[in-house]
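The values are calculated or read from the model by the stated rules, or taken from the named source; none is laboratory data. Please read these numbers as outputs of a predicted model, since none were measured by experiment. Glycine gets a Cβ as well: all are built from the backbone with ideal geometry, and neighbour counts include every protein chain shown. For accessibility, only protein heavy atoms count, side chains too; no ligands or nucleic acids. Shrake-Rupley method; radii C 1.70, N 1.55, O 1.52, S 1.80 Å.
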Amino acid sequence: MAKHKTKHLSYITVPSKIIPLHHSLLSKSQKSSPVQALQFPTKPKFLVLLLFLILFLTFHLGFRLPFSPVPINGNGSSQHSTHQWQRVDVAHNVSNEFWRQPNDMAYRPCLEFSEEYRKETAVMAANKRKYLLVVVSGGLNQQKIEIVDAVVIARILGAALVVPILQVNAIWGDESEFSDIFDLEQFKKVLGDDVQVVSSLPSTHIMARIVTDKQIPLLVSPQQIRSRYLKRFNREGVLLLRGLNTKLSKDLPTDLQKLRCKVAFQALRFSAPIMTLGNKLAVRMRSRGPYLALHLRLEKDVWIRTGCLPSLSPESDKIIQEQRKLHPELLTGRSNMSSHERKLAGQCPLTAQEVARLLKALGAPSDTRIFWAGGKPYGGPTALQPLTRKFPNFYNKEDLALPGELAPFANKSSILAAIDYIVCEQSDVFMPSHGGNMGHLMQGDRAFAGHKKFITPNKRQMIPYFLNPTLAKSEFNRIVKALHQSSSGQPEIRTDRAGRDVTAYPVPECMCNGTDTRSTV
């Protein structure tokens, strides 16, 4: 069946263009000042003489040219016009408490399904009549969440799942297909015992009357899904669903919760080109020791949607307020709250200055290497300066990539977001500046990988201290550290709080501890 791509407005931001950062990588011998690009005369005679001198030193004096897997751009630009490389053999100092990982309490993945579930699988395999089509929307991470739910719904209805269609979005304009972003063969193979995944509708169903539903109720249960669709589905054979985001209940039977984890953590692996480049960038970040990954939500549309203010200047705040008045439909949450009330309620993204103060209070060393993911900050590089002044070793994927490495993915925002995701996933510590789909998925991935450190900013409780100018720095740091003692990625039981998603909190359905731990990973 041909794929029909339709455009639909969405206001979730994923990285599309990474801005230049004005910094340089610090060398071993210059820890307090950036490495500057050397300016050489360009006369041919001089260049020949210089080349001869380098060769002489290399072969006769045993001089070794420096090399490092992290690029240094002497002019502070991310355009890589003057790449230099340097090997620095430094001891990796991981003794700082900031890098200490949470106690995983011996929780390990356990995705063994019940006998009843396995019997149902055999019955489903013999049924070749029902096929589920889904169109998923939004940015990369919303697409992943919707794909997870699509697999579970296919299982509930006893249907085969046609490879999901990724809707072309008017904001990002990324026309990538499923197999451009995800490893399709891995997806089919991992889910082989759960849901049959097919690349297209069989010829017997191409002319079938398609049952379509774009108004799926919120938080539907398996029983509601069956009563809503099964009769028509059995008759027509093809069901098309759109707008799956947050529609499936978070509280499902244990087997279906395990299936959600299986899709999110095992089946949805990125395609080989994305994995290759993402892993390269992660290696370059780790070349000098542990690193922190930040997901910064400082984009213009984020400030408009949240009802908050960037506080860069009175002029910048006025522009955001005017845009919000022009597009009131974009505002999320209660519209009768002022921006200050929203901030006190913990509903606003942390600014670059607040991120820097939080990291300092939590003990992050000044030489912490930071990888940041996110869209272009409102205010440009100026908006990041309070953070880069405190933590100068600050990189994004454009800073790390060699010339031409990102070129195949130009204008492919979902793929660029996937590269960001891989580098963030492999970090020693991860922290989002605001809630969202990426933070949700990253929390679950890091938990499933052994509860790698994940800092959840306790915004509601700490913001009053940020706004208190009379509070001594030592007291501020003590309070902030105390507020985050239980917010570093340690195991949390999903069922302790209503509405939690198993793909963010995989304990207890998808992870077990004790002597009976069983793992299918």
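Brief remarks follow.
- In segment 184-218, residue farthest from Tyr421 (Cα to Cα) [restricted to those that are in contact (Cβ under 8 Å) with a residue 60 or more places away in the chain, touching a strand residue (DSSP E or B) at 6+ places or on another chain (Cβ under 7 Å) and not small (Gly, Ala, Ser)]: His205
- Subset tally (residues that are open to solvent by less than 30 Å² (accessible area, probe 1.4 Å) and either outside any helix (DSSP H, G or I) or among the basic types (Lys, Arg) (or both)) for segment 440-458: 7
- Residue selected from segment 158-203 under the condition open to solvent by 40 Å² or more (accessible area, probe 1.4 Å) and assigned to a helix (DSSP H, G or I), by the criterion modelled with the lowest pLDDT: Ser203
- Qualifying position, being at negative phi and surrounded by fewer than 13 Cβ atoms within 10 Å (Cβ to Cβ), among Lys481, Lys473: Lys473
- Just one of the numbered conditions (1) assigned to a helix (DSSP H, G or I); (2) out of contact with any Leu (no Cβ under 8 Å at 6 or more places or on another chain); (3) open to solvent by 20 Å² or more (accessible area, probe 1.4 Å) is not true of Gly499: (1).
- Of the residues examined, Gln323 is one that is in the same structural domain as Val480 (by the TED database), open to solvent by 10 Å² or more (accessible area, probe 1.4 Å) and modelled with pLDDT under 95.
- When every residue of segment 282-305 is checked against the conditions, none turns out to be assigned to a helix (DSSP H, G or I) and over 24 Å from the mean Cα position of the chain (by Cα).
- Residues of segment 93-135 that turn out to be open to solvent by 40 Å² or more (accessible area, probe 1.4 Å) and outside any loop (DSSP other than H, G, I, E, B), as a count: 10
- Taking segment 416-433 as the range and being in contact with an Asp or Glu (Cβ under 9 Å, 6 or more places away or on another chain) and either assigned to a loop (DSSP other than H, G, I, E, B) or surrounded by fewer than 24 Cβ atoms within 10 Å (Cβ to Cβ) (or both) as the test, the residues that pass are Glu425, Ser433.
- Of the residues making up segment 333-371, not one is of a type in the set (S, T, N, Q), without any contact (Cβ under 8 Å) to a residue 12 or more places away in the chain and in a helix (DSSP H, G or I).
- Cβ-Cβ contacts under 9 Å between residues 6 or more apart (or on different chains), taken from a first residue in segment 219-238 that is more than 22 Å from Thr254 (Cα to Cα) to a second residue that is part of a helix (DSSP H, G or I) and open to solvent by 90 Å² or more (accessible area, probe 1.4 Å), are listed as Gly237/Thr204.
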